[in-house]
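Quick notes on the structure that follows.
The values are calculated or read from the model by the stated rules, or taken from the named source; none is laboratory data. Since we're looking at a predicted model, the values are computed, not measured. Please note: Cβ atoms are built from the backbone with ideal geometry, for glycine as well, and neighbour counts cover all protein chains shown.
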Amino acid sequence: MKLKNGKSFSCVALLAGASRDGRRAVQPISTEPLVAGVLVAGLDSGGPGPDRRASRDRSPTFVRYLIVSDIHANWEALEAVLQHAQGTYEKILCCGDLVGYGADPNRVVDWSREAVTAVVRGNHDKACVGLDDLEWFNPVARTAALWTENALTPENLSYLRNLPKGPLTVDSFQILHGSPLDEDEYLISTLAATQVTAYLEVSPSFFGHTHLQGGFVFRRTGVRRIEKLGAQVQQRVVHLKEDALYLINPGSVGQPRDGDPRAAYLIYDTGEHRLEYRRVSYPVAAAQAKIRNAGLPDVLADRLAVGV
Ligand SMILES: [Fe+2]
């Protein structure tokens with residue numbers, strides 16, 4: 001199979017029954033672990049630090065992207081990410097959910113309008129501007145969506161209403177919120193990820209929505225989940241392989257749900273074909289205080305401390 005970005009990949013042919021005309025269940029490919037070393041995960045014990053490749057000659061067509069997702073109006077977390085990543089990227093992309101849950105929707109949307117090269121809409125972006133039915137939301141999320149809609153300025157409401165639906169092509173890759181098929185679908189299991197692989201138009205594709213940093217790598221021998229970073233690890237490097245497909249989740253900036261309360265983000269270097277998953281601590285108590293002072297449900301503040 002030839003993907004849009006020229007990558008040939010026959011793994012998808014193993015997805016017997018996959019079809020573009022519906023959600024027909026497909027036969028999963030093997031979920032056996034890949035051969036050690038297929039996914040090169042060179043650990044870097046330090047944080048991003050100064051731009052370590054600044055002195056190299058780089059083609060102007062190569063870009064280092066800061067990719068974020070699920071910020072959820074948490075300004076403190078976003079500010080920490082921007083400071084941590086400073087000097088290590090040229091452009092910013094967002095896989096959706098700028099707002100919802102947190103107490104700083106206008107500050108985050110103002111930043112997005114100013115600084116982000118491309119962003120796709122998330123389900124909370126839709127819900128907070130009346131583009132989605134709130135009956136699908138639990139009571140806490142519904143309360144936060146209504147509070148957010150009331151708090152947003154007219155300009156920011158308009159910006160959110162006009163965000164594009166993913167997948168959105170950027171350079172030779174794509175960003176999306178839920179899955180390549182459905183912006184509201186959660187890709188959590190390897191089976192769910194495998195079932196949508198046949199619909200990937202390019203690789204890598206970056207998604208959010210689950211608030212789980214990692215993603216999936218597909219090779220002829222099977223699919224493998226990319227695990228989150230350990231609690232003491234700030235960064236993990238992954239070199240992308242030519243004979244693999246990647247569905248990559250940068251993790252959530254503003255409301256991680258993988259048991260690690262640190263803000264999550266990712267750097268994608270299109271020249272080096274490499275990813276850097278990163279985590280950074282931020283002043284959680286300040287974000288919590290804003291949520292409580294705004295009258296939003298306490299659980300939205302409580303969960304930030306434990307990353308669930
Ligand atoms: Fe989200």
* To do: Could you please give the count of residues in segment 257-284 that are assigned to a strand (DSSP E or B), farther than 12 Å from Ala80 by Cβ and of a type outside the set (Asp, Glu)?
  => 6
* Asked: Taking into account only those residues within segment 92-104 that are out of contact with any Cys (no Cβ under 7 Å at 6 or more places or on another chain), of a type outside the set (Asp, Glu) and within 16 Å of the ligand (Cβ to nearest atom), which is farthest from Gly215 (Cα to Cα)?
  -> Ala103
* Asked: What number of residues within segment 211-227 are within 14 Å of the ligand (Cβ to nearest atom) and either modelled with pLDDT under 95 or surrounded by fewer than 21 Cβ atoms within 10 Å (Cβ to Cβ) (or both)?
  -> 0
* Structure fact -> Filtering segment 222-256 for residues that are closer than 30 Å to Ala285 by Cα, free of Cβ contacts under 8 Å to residues at least 40 places away in the same chain and not in a loop (DSSP other than H, G, I, E, B) leaves a count of 0
* Asked: For segment 128-210, which fully contained helices (runs of 4 or more DSSP H) count at least 3 residues that are within 16 Å of the ligand (Cβ to nearest atom) and either without any contact (Cβ under 8 Å) to a residue 60 or more places away in the chain or not hydrophobic (A, V, I, L, M, F, W, C) (or both)?
  -> 139-151
* Could you give me the residue pairs with C-beta distances under 7 Å whose first residue belongs to segment 257-283 and is in contact (Cβ under 8 Å) with a residue 40 or more places away in the chain and crowded, with 19+ Cβ neighbours inside 10 Å, whose second residue is polar (S, T, N, Q) and not in a loop (DSSP other than H, G, I, E, B) wherever it lies, and which are 6+ apart or on separate chains? => Glu276/Gln235; Tyr277/Gln235; Arg278/Gln235
* Structure fact -> Considering segment 242-256, residues that are over 15 Å from Ser205 (Cβ atoms) and away from the ligand (no atom under 16 Å from the Cβ), and then whichever is surrounded by the most Cβ atoms within 10 Å (Cβ to Cβ), we arrive at Asp243
